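Read the structure below first, then the notes.
The values are calculated or read from the model by the stated rules, or taken from the named source; none is laboratory data. For clarity, every value in this text was computed on a predicted model and none was experimentally measured. We place every Cβ from the backbone using ideal geometry, glycine too, and count neighbours over all the protein chains shown. Note: areas computed on protein heavy atoms with side chains; ligands, DNA, RNA excluded. Shrake-Rupley method; radii C 1.70, N 1.55, O 1.52, S 1.80 Å.
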Amino acid sequence: MNSLKASTSITSVTLSSSFKLLALTAAVVLAGCSFKEDRNDIVVPIVDATPAQSSGSSSPVVYQGVDESDTYIYTVRPGDTLGTISQQYLGASSRYTELLKLNKLAPNDSIFVGQKLKLPTKGLTIPKESSYSKHSKSRQTVSTTASKESYPELEALIEAEEYNQAIQWTLNHEKLETSQSLQQKLVVAAKGQSEQYKRQQNTAEAEALLSGLISETPLSSANKAMLEAELSTLRAEQQLLTAKQYADRSQFDDSYELLLNAWNNVGKPLEENILFTTTRNKVSENYHQQALRLYRNQKLDDALEFWQKILAINPNDDLALVYQDRVKALQNKLDNL
């Protein structure tokens, strides 16, 4: 009798396990995917982790080359990025590579308000609100819109990219504390000098300059916030160099922690930093592969953890969003069986 009970118990356990396996398989099929179909151990193509940019053309512009003798001079304004400038003036954000070459910029270089950029005239469209001519000295328009105050000597220093002298001139001016126009010009000069330091690979000087101005200069909260944002970006860029080195050595978890910290401190402006996006794509691809292997082996919670980590540094990662929803749908079906 005991043998019969034990046999019945074993049979019940076996049937229960078989039922759960069948239920899981059915849930997977209902969700429109199959573990069996996904078991091939191949590299899965990863969707580009950068958010899609809207474009006026139906396909990306392929860059073939740029003639430096035929260019349009553009002055960088607040909120500009190479991508937005390319989108607005050249019809596609993907043409930012032409701006990199024309202006001798590295992929991880940032741009600053008041900077002059060369734009190719091929495919150039000047927005109606812009009245700049091809050869205009457009940097002369910097910072005069918010105030009628005029400081020709200071503006000449900024025009000549003598940023350190411009900073000292502004700091010595008696109206600095009360003049928004002077404060805005100080911010322009500080960003310009910081950029020069970075190109000289002297980031310590850039950080000291920005930190000193933030702590010791009587600035409005808005102007101080602009310098703080510049300092945060500078520090994040240093982390990104280390993050890339980690990713190149396949130390993806170490790279991820630095990317996450940079993203939390700076946020969306990093989308225009090629060093950030390329390193993020490399880490995300590795995490996608790990998640898909776990997914194929029915370890849904572990797979979901990887996709959620990807979304923490790129909320617009299409593949992670798809699989996150898919896993959650499977889990809900299993919970309701």
Problem - Rel. contact order, % - alpha carbon contacts under 8 angstrom, at least six apart, region 220-267 - result: 39
Problem - Contact order normalised by residue count of region 182-328, Cα under 8 Å, 6+ apart, percent - result: 14
Practice task
Quote the FRET efficiency, to the nearest 0.05, computed for residue 102 versus residue 261 with a Förster distance R0 of 51 Å and r equal to the Cβ-Cβ distance.
Solution key: 0.95
Practice task
Provide, for q = 0.19, 0.20, 0.21, 0.28 Å⁻¹, the log10 of I(q)/I(0) from a solvent-free Debye sum over equal Cα point scatterers in region 150-192.
Solution key: -0.44, -0.49, -0.54, -0.97
Exercise for the section: Under 14 Å from the Cβ of residue 325, count the other residues' Cβ atoms, weight Lys and Arg +1, Asp and Glu -1, and hand me the total. Expected result: +1
Completion exercise
Net charge (Lys, Arg +1; Asp, Glu -1) of residues whose beta-carbon lies under 14 Å from that of residue 305, residue 305 excluded, is +1
Problem - Projected label distance in nm at residue 220 and residue 242, using a 7 Å step from Cα toward the beta-carbon - result: 3.7
Handout entry: Heavy atoms of residue 162: accessible area, 1.4 Å probe, square angstrom to 10
Key = 80
Problem - Per-pair calculated FRET efficiency, R0 = 56 Å: residue 125 and residue 305 via Cβ, rounded to 0.05 - result: 0.75
Practice task
Please report the relative contact order for region 181-233, taking Cα pairs under 8 Å with a sequence separation of at least 6, and give it as a percent rounded to a whole number.
Solution key: 39
Practice task
Any of 224/282; 198/268; 309/333; 244/309 with alpha carbons more than 27 Å apart? Name them for me.
Solution key: 224/282
Problem - Most to least accessible of 101, 244 (protein chains only, probe 1.4 Å) - result: 101, 244
Handout entry: Summed residue charge, Cβ within 12 Å of residue 269's Cβ, Lys/Arg positive, Asp/Glu negative
Key = -4
